[in-house]
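Taking it in order: structure first as structure tokens, then the write-up.
Each value in this text was obtained by applying a stated rule to the coordinates, not by laboratory testing. Please read these numbers as outputs of a predicted model, since none were measured by experiment. Ideal geometry is used to build each Cβ from the backbone, glycine not excepted, and the neighbour counts take in all protein chains shown.
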Amino acid sequence: MLLPRQRLKLARGANDEEHAMSQQNARVAVVGIDIGKNSFHIVGQDGRGEIVLRQKWSRSQVETGFANMLPV
């Protein structure tokens, strides 16, 4: 279920480009993973539902990526 601000962003045709964490100290509360054959698309949201992480990881980057996330 999308939050109202997320629906507005999608309705405006927001760019869906990959980007790293918007804040260096952002804490990811929820992680979504789209599992592919050779790569994984990772989306992380903070406690307010804001997207703070959107990246494409290879299989070899998954373990390191999660190990480097700040604990909630």
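Of note:
- Placing a pseudo-label 7 Å from each Cα along the Cα-to-Cβ vector at Lys37 and Trp57 gives an inter-label distance of 2.2 nm.
- When each of the peptides 59-72, 34-47 is scored by the mean number of other C-beta atoms lying within 10 Å of its residues, the order from highest to lowest reads 34-47, 59-72.
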